[in-house]
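These notes are about the structure you will find just below.
The values are calculated or read from the model by the stated rules, or taken from the named source; none is laboratory data. All values reported here derive from a predicted model rather than from experimental measurement. Here the Cβ positions follow ideal geometry from the backbone for every residue, glycine too, while neighbour counts run over all protein chains shown. For accessibility, only protein heavy atoms count, side chains too; no ligands or nucleic acids. Shrake-Rupley method; radii C 1.70, N 1.55, O 1.52, S 1.80 Å.
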Amino acid sequence: MTGTRAERDILASAEERPPPHGSPSAFTPRALLIGAVFCFFIGAGVPYASFYLQGSFMALGFSTVGAVFLLFFLTGLINPLLKSLHPGIGLHRREILLIYIMMVMASPLPSLFAAKFLVQVTIPFYYATPENEWGELIQPYLPAWLMVDDPEILDSFYEGLSRGQPVPWSFWLPVILCWMPFVGALFLVMIAAMVIVRRQWIEHERLIYPLVQVPLAMTEEGRSGERINPFFKNPVMWIGFSIPALWGTLHGLHNYFPDMLPIALHADMFSMSLPLFDDTPPLYFVLRFNILGFFYFLKTEIAFSLWFFNLFAVMLRGFLAIQGITSAETLGAGHAVHNPILAHHSMGGMLVLVLAGLWMARRHLKAVLRKAFLGDPGVDDSQEIVSYRAAVFMLLGGCLVLVGWLWMAGMPVWAAAALLFLALTLFVGMTRVVAEGGLSDGAPPVIPAGILVSAVGSSVLGPHGLVGLATTFMWTGNMRSFVMASCANGLKLGEELGGSKRPLFWAMILALVVSLASAVWMLLSVSYEAGALNMRLGGTGAAHRAGFDFIERLLRTPTEPYLWGWINTGIGAVIMSLLMVARWRFVGWPLHPLGYPIGPIWIMDALWFNMFLAWLIKVVVLKYGGVRLYTNTRPFFFGLILGNVVPGGIFLIVDHFTGMIGNIIFYG
């Protein structure tokens, strides 16, 4: 194990804490019912807040701030009121954690999956013009069941219906139902993958899962009979809470009364940029309290590496620009790493991160396979949410469904399998970054479609394959949160539930179904009322068209395999491998390889300063105050996170009743 001695003491003390015993079951009917209701609030509320009200982003990143907001009121207000009425009415900790896990599972779907899905199935017909010739280039290769193609239905979706007209559900339901086998298989594959690696990550490698620290602390119960949890009695937490809460409240009021309150003009308290090189993005300094809070809980070596590799990427971009080293390759829009050279480096890093992780887990994976295929009684899977046999067959069967579905959409089988391999590599790699590195906002560095075309060329895919490839952007592009990462955090929280975890699988499925259904209902309702073009949902369409614009260029100008793409991916893989070897071989090696593949992503440019501050503060705290001071300061940083989130949620409620549009208190 690496890290400072103080950090090892922290982990050891956490492991010595006994697991909960003697508490009632988490899987009570009321907990499942409340969890489903809260999932409905997230599924319907997030699209309404993000697109219709155009307010704060409550489900944009891996931190699932909408779920944190609801948990804050459930544990800090609703549950104490229930206990004051009668002690037996209040929810106990395991029930609350189950409700929160369900909300975490629900969070990636409303704005980052359902919204993209509904827009993408309209793009090739609504945005077809005589100029782009999509009617000849793209539409003939789209299966009729794949898209919504009725011009009247599309016009009213983007521009709104006349008052009193109903939403045309009959035109949407067939397309939605046709996509459901793919969507269901995708979610089950993600859950199965996390079940298979759970023990390896949590018990063998002991990843710290920084994003679950807030709900664990918030739900910690005090002495028997106490109505209010100790978390809410801690003055240090409220001091931390007050700083971002005051700024967020003033900013929200400024948006209502700009002349009366000419302060707190921006959502971020501090923001500036420093130009460094020509033709490259500047160095950004942005203070975001929730990011600062989350990264305080990281190991110092990981926090250091995250901001270090971002600055390294900034300098590398500048060096390449000064030297005139560019890439003629067009990977298409939507990649989190904009520079094609660095995008390939990141892809190589992700491949090594995942493959090396599988190699490290080889003994565990062999045990899983023995249990799945031979029923080895020596392998215990009783603490998993499904048996290893179910997980393995769910993974294999789901992958077959995904490949078959992509083949039906027009892709060759080999291309569908290759794309799925790339996508799962990125999803697993990014989930590892979230579980170990606590990245609260981010996205996989590249989109698999662009990497596949770079590797094999577009000519070999043919027009059917390319058009089928365009449809994959909706579930692989700019995914700043996804079910796999939510499941990983949910399984970590599931350690606290006690007893058999089997019902947790069905609670997760219930959360996904409720969230997806309510999100689709709300998205179609507000789109046909206000028009998608008048909301963030439609915008100008440029970002949503990225996949089909990319394919249009390839259909007009076919490409061959790009050798330098392979070389740059190999360079990234070699650098990542050397970083891993150095960490394993040299005691005290300061650079954690986790930061390398995500260092160049654009979101890190806005987050690095907070990572640097969190790292610096924690280093000073551990050096001069040790574990005790670190433990005593944790509530302050919990408060920073909650104080950033809560005013945003409250103002969304206020904005609903006042009709305020665009009142953004925080960005995610």
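Regarding GLY164, is this residue of a type outside the set (Asp, Glu), surrounded by fewer than 18 Cβ atoms within 10 Å (Cβ to Cβ) and within 30 Å of LYS299 (Cβ to Cβ)?
Working: of a type outside the set (Asp, Glu): yes; surrounded by fewer than 18 Cβ atoms within 10 Å (Cβ to Cβ): yes; within 30 Å of LYS299 (Cβ to Cβ): no.
So GLY164 fails the test.
Collect the residues in the stretch 82-98 that are over 14 Å from GLY35 (Cα atoms) and at pLDDT 95 or above, keeping them in residue-number order. Give the derivation first.
Taking the stretch 82-98 as the starting set, the residues that turn out to be over 14 Å from GLY35 (Cα atoms) are 82-90.
Scanning the stretch 82-98 gives no hits.
Inside the stretch 464-549, counting only helices (runs of 4 or more DSSP H) that do not spill past its ends, which hold 2 or more residues that are at pLDDT 95 or above and surrounded by fewer than 19 Cβ atoms within 10 Å (Cβ to Cβ)?
Working: elements: 473-476, 483-494, 502-530.
Of the helices (runs of 4 or more DSSP H) lying wholly inside the stretch 464-549, those with at least 2 residues that are at pLDDT 95 or above and surrounded by fewer than 19 Cβ atoms within 10 Å (Cβ to Cβ) span 502-530.
Pick from ILE661, ILE665: which is more than 20 Å from ASN234 (Cα to Cα), open to solvent by 20 Å² or more (accessible area, probe 1.4 Å), touching a residue at least 40 places away in the same chain (Cβ under 8 Å) and in contact with a helix residue (DSSP H, G or I) (Cβ under 8 Å, 6 or more places away or on another chain)?
Values: ILE665 fails: open to solvent by 20 Å² or more (accessible area, probe 1.4 Å).
Exactly one residue qualifies, and that residue is ILE661.
Please go through the stretch 329-351 and give me each residue that is touching an Asp or Glu at 6+ places or on another chain (Cβ under 9 Å) and not in a helix (DSSP H, G or I), ordered by number.
If the condition is that a residue be touching an Asp or Glu at 6+ places or on another chain (Cβ under 9 Å) and not in a helix (DSSP H, G or I), then GLY332, ALA333 are the ones that fit.
Looking only at the stretch 550-576, count every residue that is part of a helix (DSSP H, G or I) and open to solvent by 50 Å² or more (accessible area, probe 1.4 Å) and tell me the total. If you could, list the steps in order and put the result at the bottom.
From the stretch 550-576, those part of a helix (DSSP H, G or I) are 550-556, 563-576; that's our starting set.
Okay, now just the ones that are also open to solvent by 50 Å² or more (accessible area, probe 1.4 Å), so 553, 556, 563-564, 566-567, 571, 574-575.
Going through the stretch 550-576 one residue at a time, the tally reaches 9.
Working carefully through the options GLY639, GLY643, GLY662, find the one that is modelled with pLDDT under 95 and either under 17 Å from LEU211 (Cα atoms) or over 21 Å from the mean Cα position of the chain (by Cα) (or both).
On the way: GLY639 fails: modelled with pLDDT under 95; GLY643 fails: modelled with pLDDT under 95.
The match here is GLY662.
Of all residues in the stretch 500-530, count the ones that are free of Cβ contacts under 8 Å to residues at least 24 places away in the same chain and among the basic types (Lys, Arg).
0
For the stretch 334-357, which residues satisfy the criterion of being surrounded by fewer than 20 Cβ atoms within 10 Å (Cβ to Cβ) and over 22 Å from the mean Cα position of the chain (by Cα)?
Answer for the stretch 334-357, where residues must be surrounded by fewer than 20 Cβ atoms within 10 Å (Cβ to Cβ) and over 22 Å from the mean Cα position of the chain (by Cα): just ALA356.
Do we find that ALA582 is at negative phi, part of a helix (DSSP H, G or I), surrounded by fewer than 23 Cβ atoms within 10 Å (Cβ to Cβ) and without any contact (Cβ under 8 Å) to a residue 12 or more places away in the chain in this structure?
Numbers: at negative phi: yes; part of a helix (DSSP H, G or I): yes; surrounded by fewer than 23 Cβ atoms within 10 Å (Cβ to Cβ): yes; without any contact (Cβ under 8 Å) to a residue 12 or more places away in the chain: yes.
Taking the combined requirement at face value, the residue satisfies it.
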